[in-house]
1. What ³J(HN,Hα) values, in whole Hz, does the Karplus curve 6.51 cos²θ - 1.76 cosθ + 1.60 give for the stretch 300-309 when θ = phi - 60°, with x put for Gly and Pro?
2. Just the Cα atoms of the stretch 18-60, one point each, no solvent: what log10 I(q)/I(0) does Debye give at q = 0.31 Å⁻¹?
3. For a quick check, take a GNM of the chain with Cα springs below 10 Å and name the residue from Gln138, Gln201, Gln173 with the largest mean-square fluctuation.
4. Under 14 Å from a label point 7 Å along Cα→Cβ of Asp299: give me every residue in the stretch 242-268 with its amide N that close.
5. Any chance you could run the full-extension gain for Gln138 through Leu9? It's 0.36 nm times the residue separation minus the Cα-Cα distance, nm to one decimal.
6. Would you calculate the volume per residue, in Å³, of the smallest convex hull containing every Cα atom of the stretch 20-139?
7. List, in order, the whole-Hz ³J(HN,Hα) value for each residue of the stretch 283-298 obtained from phi through the Karplus relation with A = 6.51, B = -1.76, C = 1.60 and θ = phi - 60°; use x for Gly and Pro.
8. Restricting everything to alpha-carbon atoms, can you work out Rg to Rh for the stretch 153-196 with a Kirkwood hydrodynamic radius?
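Values in this text are rule-based calculations from the coordinates and carry no lab data. The structure displayed is predicted, hence computed values, not measured ones. Reconstructed Cβ throughout: ideal geometry from the backbone, glycine too, with neighbour counts over all protein chains shown.
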Amino acid sequence: MAEVENPVLPPPDQVAHWAGLIVQTVETVIVGKPDAVRLAVTCLLSNGHLLIEDIPGVGKTMLARALARAFGGLFKRAQFTPDLLPADITGTSIFNQRTADFEFREGPVFANVLLADEINRATPKTQSALLECMEEGQVSRDGATYSLPRPFLVIATENVIEYQGTFPLPEAQLDRFLMRIALGYPANSDEVTILTQQMQQHPIHAVEPVVTPEQVLAIQAAVAGVYVEDSVKEYIVRVVDATRRHPAIRLGASPRGSLGLMRSAQALAAIEGRSFVTPDEVKRVAQPVLGHRLVVRPDARARGATAAGVLDEVLRAVPVPLAPGRT
């Protein structure tokens, strides 16, 4: 378990270097998806959690494994099924006959990267077992509290073409995910590269750590210190508020969405080696951060309205401030 109480904050160029190493390493496994890889790394460095909605076979699991290997983190996978119980995720107390006492056996959530595969196939009760883990970084069991390893990242996947036997994530659960992304099919040339790479073995087996968990924690601390001009904060709030007032939206983004938008923009600026946020970073992360937090009205959905379309409209309508740069 990596613990850094008061990490020495690395300078912006060092943060950009470490983040770039992670991105480059993951891209050796996930070919032709630079935006998705960068967003996943941004999510990690923002100390958030990631939801990937896509069809089977496009690399969702490999993205999680490659990200964990890139920083030497402990990776665990939980296959979510209807018969999965909360204790199967968080852990359970087992009676030890030799000591005549109960011992806590850790579940798969005790990892640096937890892959919650097909999370919507588990019951709501099991899905909710992740809420405390994702928000507080801890597990409460039988009156005791157990801290999770740090850094801690949940990457959950959903199959978007099969809905029979699934339990859609409620808004409260969706709101715990900092981002939602999709990978999609690779381009033909990229798929040829994938075939060539995997003729002998999968490239995931060649991935070696390029940073340490302690360095990831230091980057996360540095991200929190990236400067955000008041005008940019006001821009973030205006964008989020516009989602709440839009006539096609029944439920707009919460204050957690505002915080997620700011923190993601901070991480993206840090990845690019800057110590301040511009409105461009806010706009670049708006869709993955806010898209899954919006609930479109049924009548608007019938007319073809989507959360992505509403966000595009909001981003075009809200005036962009001219924030002075800080170095």
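1. 3J(HN,Hα) across the stretch 300-309, in whole Hz: 5, 5, 5, 8, x, 6, 10, 4, 4, x.
2. Summing over Cα pairs of the stretch 18-60 leads to -1.21.
3. Gln201
4. Residues 247-250 qualify, since their backbone N sits under 14 Å from the label point.
5. Working: separation 129, 0.36 × 129 = 46.44 nm, distance 2.48 nm.
So the extension gain works out to 44.0 nm.
6. Values: hull volume 14.7 nm³, N = 120.
So the per-residue hull volume is 123 Å³.
7. Along the stretch 283-298, the couplings run 5, 5, 9, 4, 5, x, 7, 9, x, 7, 8, 9, 10, 7, 4, x Hz.
8. In the stretch 153-196, Rg relative to Rh is 1.11.
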